[in-house]
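Q: I have a structure I would like to understand better, so I am pasting it below and will then ask my questions one at a time.
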Amino acid sequence: MDIEQVREYTLSINGVTEDQPFGDDIITFRIEGKIFMCLWLGGGKHDMKGNTEPRFAMKLTPERNEELREKYSAVTPAWHWNKKHWSDVYYQSLDEQLVTAWIKESYDLVVSKLPKSIREKYLQYKP
């Protein structure tokens, strides 16, 4: 996947919005105002000095993050986020189905923490 495909897929999920509160080099994706993913656009203050490979940070459970990091070298502790709850994903070296499944998994995790009355409108949707 390329950066536009990641962005387009993420925005296709029900209720997802995007903004740039951290600067021009990061797009954050939210559901009901809660961030579930951040897509690095390259350069800027979020450049990791020498590692310019495209990446996004996603929120998953600590157990799931550990599982993915052990299995995939393209999944690492998030650089600018809580490393227990967030992982960086170097998506260009991964299969598109994995990437989209993980984005949806991150979204679903955040949706699961929303109040029940709000959560119900998102649980029925399958992209």
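Q: Determine, yes or no, whether His46 is touching an Asp or Glu at 6+ places or on another chain (Cβ under 7 Å) and either closer than 16 Å to Met1 by Cβ or at pLDDT below 95 (or both).
A: The answer is yes for His46.
Q: Would you mind finding the one in Trp79, Trp86 that is at pLDDT 95 or above and either aliphatic (A, V, I, L, M) or touching a Lys or Arg at 6+ places or on another chain (Cβ under 9 Å) (or both)?
A: After applying the criteria, what remains is Trp86.
Q: Please verify whether the stretch 91-99 includes one or more residues that are open to solvent by less than 10 Å² (accessible area, probe 1.4 Å), under 14 Å from Cys38 (Cα atoms) and among the aromatic types (Phe, Trp, Tyr).
A: Yes - at least one qualifying residue is present in the stretch 91-99.
Q: Pairs, please: C-beta under 8 Å, at least 6 apart or cross-chain, first residue at pLDDT below 95 and of a type in the set (Gly, Ala, Ser) and in the stretch 29-43, second surrounded by fewer than 16 Cβ atoms within 10 Å (Cβ to Cβ) and part of a loop (DSSP other than H, G, I, E, B)?
A: Gly42/Asp25; Gly42/Thr52; Gly43/Asp25
Q: Name every residue in the stretch 55-89 that is out of contact with any strand residue (DSSP E or B) (no Cβ under 7 Å at 6 or more places or on another chain) and of a type in the set (S, T, N, Q), in order of residue number.
A: Scanning the stretch 55-89 gives Thr61, Ser73, Asn82.
Q: Quick one: Trp102 ticks every box in (1) surrounded by 14 or more Cβ atoms within 10 Å (Cβ to Cβ); (2) without any contact (Cβ under 8 Å) to a residue 24 or more places away in the chain except a single one, so which number is it?
A: It fails just one condition, (2).
Q: Next up: Among the residues of the stretch 111-123 satisfying the criterion of being touching a strand residue (DSSP E or B) at 6+ places or on another chain (Cβ under 9 Å) and surrounded by fewer than 20 Cβ atoms within 10 Å (Cβ to Cβ), which is farthest from Tyr91 (Cα to Cα)? Even if it seems obvious, please write down each step before you answer.
A: Residues of the stretch 111-123 touching a strand residue (DSSP E or B) at 6+ places or on another chain (Cβ under 9 Å): 111, 113-114, 122.
Narrowing further to those that are surrounded by fewer than 20 Cβ atoms within 10 Å (Cβ to Cβ): 113-114, 122.
On the way: Lys113: 26, Leu114: 27, Tyr122: 25 Å.
Looking at the filtered set, the residue picked out is Leu114.
Q: Could you tell me which numbered condition Arg69 fails, if it satisfies all but one of (1) more than 30 Å from Pro115 (Cβ to Cβ); (2) touching a residue at least 60 places away in the same chain (Cβ under 8 Å)?
A: Evaluating Arg69 over (1) more than 30 Å from Pro115 (Cβ to Cβ); (2) touching a residue at least 60 places away in the same chain (Cβ under 8 Å) leaves (2) as the failure.
Q: Continuing with the same structure: Determine which single condition Pro21 fails, assuming it passes every other condition in (1) modelled with pLDDT of 95 or more; (2) exposed (fewer than 13 other Cβ atoms within 10 Å of the Cβ).
A: For Pro21, the exception is condition (1).
The values are calculated or read from the model by the stated rules, or taken from the named source; none is laboratory data. All values reported here derive from a predicted model rather than from experimental measurement. Methodologically, a virtual Cβ is constructed for each residue, glycine included, from the backbone with ideal geometry; neighbour enumeration extends over all protein chains shown. Note: areas computed on protein heavy atoms with side chains; ligands, DNA, RNA excluded. Shrake-Rupley method; radii C 1.70, N 1.55, O 1.52, S 1.80 Å.
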